[in-house]
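Heads up, the thing below is written out as structure tokens.
The values are calculated or read from the model by the stated rules, or taken from the named source; none is laboratory data. Keep in mind the model is a prediction, meaning the values are calculated, not measured. Positions of Cβ are backbone-derived with ideal geometry, glycine not excepted, and every protein chain shown enters the neighbour counts. Ligands, DNA and RNA are stripped out before the accessible areas are found, and what is left, the full protein with its side chains, is counted by its heavy atoms. Shrake-Rupley method; radii C 1.70, N 1.55, O 1.52, S 1.80 Å.
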Amino acid sequence: MKALAVALFWSLVSFAGAAPAQPPAAAPNWVEGRNYFLVARPQPTNLPKGKVLVTEVFSYACPACNQFRPYMQKLVKSLPPNAVLDYIPASFNPAEDWPMFQLAYVTAQTLGVANMTHEAMYDAVWTTGELATTDGNTLKSHMPTIEDAARFYQKQAGVPAAKFLETAKSFGVDTQVRHDEDLMKAYGIDRTPTIIVNGKYRVTVQEAGGLTQMVDVVNFLVHKESQ
């Protein structure tokens, strides 16, 4: 497991006057078409000149995304000051309830609480089981609903469940979901986690060569785009 219309909720990792990003020492020879891929239809980021967008395509219900969490946290800490981080929630696995988690994330994003609840949402699926989609290795017969997610966000972020559900049905959320779907198609997303750098480059764990290598490739591309 974009140039968002709801830019307010980006996790900005920037401050004024910062020095340009430095390349990693003894960087491997990452090869386009093998370790990372040029997006067929690059998407404009609408960021100021000098900023580089780093987008993780993910799902809270994706086991590979959960496995990638500590590496994603490492990546966030290693990004240079000119990098801007955001997320696109994927929906292409309805059997595991991904569309619900997509709707929940975009709703939380619209309400301004997605960043503060991001890790807690993963924990609710994979640690506490509050929003788990499996019983061990078996899919649950009753998957978490958007009402379940609303109660989670009420507890974690203080958003009244009724307000969360009303927002989930809003035109703005529907528009953002459609926008995210269009971006995933443009980026050629077929698995998660996937990271898109500056709307131009696509990186996955398999193609990078591993979890640590994915972090390194993304940093390499951020530096490349920063020059």
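Details
- Each part gets one Cα centre, and for the stretch 108-176 versus the stretch 62-89 those centres are 20 Å apart.
- When the C-alpha to C-alpha distance is required to be over 29 Å, the pairs from K140/K163; K49/K185; K51/K185; K140/K169; K51/K169 that qualify are K51/K169.
- Long-range HN-HN contacts of T134 with modeled amide H, under 5 Å: K140
- Accessible surface computed residue by residue for the stretch 89-227, with neighbouring protein chains in place and a 1.4 Å probe, gives 44 Å² per residue.
- Shape of the stretch 99-202, Cα gyration tensor, a/c cut at 1.5: oblate
- For V39, nonlocal amide neighbours, meaning residues 5 or more places apart or on other chains whose placed amide H falls under 5 Å from its own, are Y201, R202.
- Percent antiparallel among DSSP beta bridges (both partners in the chain, rounded to 5): 65
- Surface composition of the chain: carbon and sulfur make up 54 percent of the accessible area, probe 1.4 Å.
- For the stretch 133-147, Karplus couplings with θ = phi - 60° (6.51, -1.76, 1.60), whole Hz, Gly/Pro x: 9, 10, 10, x, 9, 10, 5, 5, 6, 10, 7, x, 10, 5, 5
- Accessible area per residue in Å² at 1.4 Å probe, computed on the stretch 23-80: 54
- Segments 152-165, 135-148 sorted - mean Cβ within 10 Å per residue, highest first: 152-165, 135-148
- For the stretch 36-80: rounded, prolate or oblate by the Cα gyration tensor [a/c cutoff 1.5]: oblate
- Size descriptors for the stretch 149-227 (Cα atoms only): Rg and Dmax, in that order, 17.3, 47 Å.
- Each residue of the stretch 114-129 was assigned a 3J(HN,Hα) from its phi angle through the Karplus curve 6.51 cos²θ - 1.76 cosθ + 1.60 (θ = phi - 60°); the sequence is 5, 5, 6, 10, 4, 5, 5, 5, 4, 4, 5, 7, 10, 10, 7, x Hz, with glycine and proline shown as x.
- A simple rule links phi to the HN-Hα coupling: the Karplus curve 6.51 cos²θ - 1.76 cosθ + 1.60 with θ = phi - 60°, which for the stretch 41-54 gives 10, x, 10, x, 9, 6, 8, x, 4, x, 8, 10, 8, 10 Hz, with x for Gly and Pro.
- For Kirkwood radius over Cα pairs in Å, calculated from these coordinates, the label among [x] 17.5; [y] 18.0; [z] 19.1: [y]
- Using just its DSSP H runs of length 4 or more, each adding -39500 (n - 2.57), the chain gives a mean residue ellipticity at 222 nm of -13500 deg cm²/dmol after division by all residues.
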